[in-house]
Amino acid sequence: MVGVKTLLIFGVAFIICTDTHYCGRRRYYARRRRCYCDWYWNAWSACSAPCGSTGTQTRTASGCGAPGPQTQACNRFCHNGGTPLPSSCSCPEGFGGTCCELELDIDECSENNGGCQHACVNTEGSYYCDCRTGYRLDGTHNCTDYDECEMNNGGCQQACTNTQGSFSCSCFAEYNINWDNDSVTCNDVNECRLSAWRDCHFCTNTPGSYNCTCRDGHSLVNGKECRDVDLYPYGVEVDSSHQHWPHYHNHNCKEELLPMEGFRFFGRRHFYIYICDNGIVSFDRIRRPHWPVKLTEHQWRSTAVIAPFLARSRPLHSHDVTLHTGTKLFVELYSKDDDNPHTDAILLRARDDGRFARGFYLPDYEPIWAIVVTWANVVPDGSTCPGGDCHIENSRLLKNNFQLVLSTDGTHSFAHFIYPTKKIEWASPDEVLGQTGHPNAVAVAGYNAGQGWWSDYARDMEYSGTMKMKWAWLKYGGI
Ligand SMILES: [Ca+2]
Ligand SMILES: [Ca+2]
Ligand SMILES: [Ca+2]
């Protein structure tokens with residue numbers, strides 16, 4: 001019976017556990033021949049938010065007698081100091097993303113140019129400084145000039161000059177930079193074609209230089225100008241330069257104070273000289289005479305004047321004439337014991353000129369001062385041309401050169417007119433237009449002591465007021 005009973009128990013157990021039975025809400029199952037009732041948790045669900053302040057997740061239980069679902073907070077955080085919001089975060093500067101998990105780039109250049117002297121370049125997570133062309137970085141923020149000349153002479157053929165942020169090429173004297181082409185190579189200057197060399201008689205161009213020689217009776221001045229030896233030295237020869245002549249428009253002539261002995265001119269003694277740019281000087285203040293008037297005309301009867309070549313001229317002729325090639329006026333005064341190293345030679349020459357002046361006999365003449373006035377490149381006034389300007393090319397302009405030398409010993413005075421060979425090229429502005437049939441405004445020369453009507457103290461030089469004035473150099477000077 002026991003065996004049956006036991007069999008019965010097992011039989012009951014077997015029946016109960018092989019079926020799915022519920023006892024209330026419990027579930028039974030078989031294990032080691034016994035029946036159990038149990039439950040377990042399922043996995044947590046995904047969090048409802050990746051971060052922030054409201055994330056939750058739930059889990060459920062399964063099995064015999066399982067409890068209800070469970071809920072808990074999750075992902076309640078923010079990265080990098082962010083402030084939690086529902087389901088996201090508010091990020092501090094420099095961070096981004098829903099949860100502030102991203103590090104954002106800061107544009108360092110936006111403030112104070114990143115401390116860079118020139119350019120600031122922002123990069124992801126950083127920045128760097130850059131320099132303008134011609135500069136290079138000195139350290140991390142500053143820029144210093146780059147000396148281009150250090151490397152290969154800057155590519156310059158001759159001279160290289162470093163400048164802030166750049167450099168430039170230049171050439172030695174007698175060479176010209178090749179601006180049209182590369183700005184670094186140098187071309188030889190053909191000096192013989194330059195207007196400044198127009199007074200060189202025989203010019204030979206050489207690479208980097210030139211060679212100038214002169215005809216007989218001339219001396220080479222400044223390496224490029226042949227001057228008639230009849231001329232008194234002037235300009236560079238006596239370490240002086242020409243005077244600028246802004247007086248054309250206000251009609252004034254240049255006033256110079258004479259040494260205290262003054263200049264005795266027949267019955268009057270003068271202490272000032274007024275030098276006009278068109279070939280006349282006066283000892284009384286005059287306005288520039290625009291028209292040549294013979295020296296014996298009544299116009300001068302009370303004005304002491306000396307005119308070596310008074311002509312209708314214009315110091316700056318036309319627009320294409322630069323100051324360099326316009327009229328130049330040299331005024332050099334030499335006074336005994338004036339410490340000028342050239343004075344002795346000038347006074348000696350003036351002495352001989354006085355002693356040997358035709359018609360005078362003054363073997364003891366000893367000047368105490370002399371003034372040398374040189375008119376160079378006197379060009380005709382083109383105002384008679386149509387429109388008032390001839391626009392003659394510089395190289396075609398006719399030019400006159402002449403000199404007046406005054407000297408005195410206080411009692412006797414001399415005035416020398418000097419016309420260098422072939423350097424009187426025109427006598428009337430009409431020659432510019434090729435109108436020489438009936439020229440007007442022909443140059444005059446002579447003097448008037450300004451002592452009355454038809455005074456004996458006035459004289460017109462032969463040729464004065466005629467086209468023969470062009471040959472004054474042949475008659476009164478020249479060789
Ligand atoms: Ca950056
Ligand atoms: Ca530089
Ligand atoms: Ca040359």
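The values are calculated or read from the model by the stated rules, or taken from the named source; none is laboratory data. Quantities reported herein were computed from a predicted structural model and do not represent experimental measurements. Glycine gets a Cβ as well: all are built from the backbone with ideal geometry, and neighbour counts include every protein chain shown.
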Exercise. Which residues, taken from the range 184-207, are surrounded by 13 or more Cβ atoms within 10 Å (Cβ to Cβ), under 28 Å from the mean Cα position of the chain (by Cα) and in a loop (DSSP other than H, G, I, E, B)?
Worked result: Val184, Thr185, Val189, Asn190, Leu194
Problem set entry | Selected residue (only one of Tyr234, Tyr146, Tyr175 is hydroxyl-bearing (Ser, Thr, Tyr) and within 16 Å of ligand 3 (Cβ to nearest atom)) | Tyr175
Seminar exercise, completed: Among Gly134, Gly139, the single one that is of a type in the set (Gly, Ala, Ser), within 9 Å of ligand 2 (Cβ to nearest atom) and farther than 16 Å from Asp182 by Cα is Gly134
For this session: Can you confirm whether the range 138-152 contains a residue that is within 16 Å of ligand 1 (Cβ to nearest atom) and surrounded by 12 or more Cβ atoms within 10 Å (Cβ to Cβ)?
Result: yes
For this session: Please find, within the range 303-346, the residue that is modelled with the highest pLDDT out of those that are under 23 Å from Lys470 (Cβ atoms) and among the hydroxyl-bearing types (Ser, Thr, Tyr).
Result: Ser313
Seminar exercise, completed: Note on the range 439-478: residues modelled with pLDDT of 90 or more, of a type in the set (Asp, Glu) and surrounded by fewer than 17 Cβ atoms within 10 Å (Cβ to Cβ) are Glu462
Problem set entry | Single residue of Thr436, Thr411 found to be under 26 Å from Leu348 (Cβ atoms), assigned by TED's automatic domain parsing to the domain that holds Ala357 and at pLDDT below 95 | Thr411
For this session: Starting from the range 151-180, take each residue that is assigned by TED's automatic domain parsing to the domain that holds Cys131 and list its partners that are in a strand (DSSP E or B) and more than 16 Å from ligand 1 (Cβ to nearest atom), counting only C-beta distances under 6 angstrom and pairs at least six apart or across chains.
Result: none
Exercise. Tell me, which strands (runs of 3 or more DSSP E) wholly within the range 138-181 include 1 or more residues that are farther than 30 Å from Thr206 by Cβ?
Worked result: 142-145, 159-163, 166-170
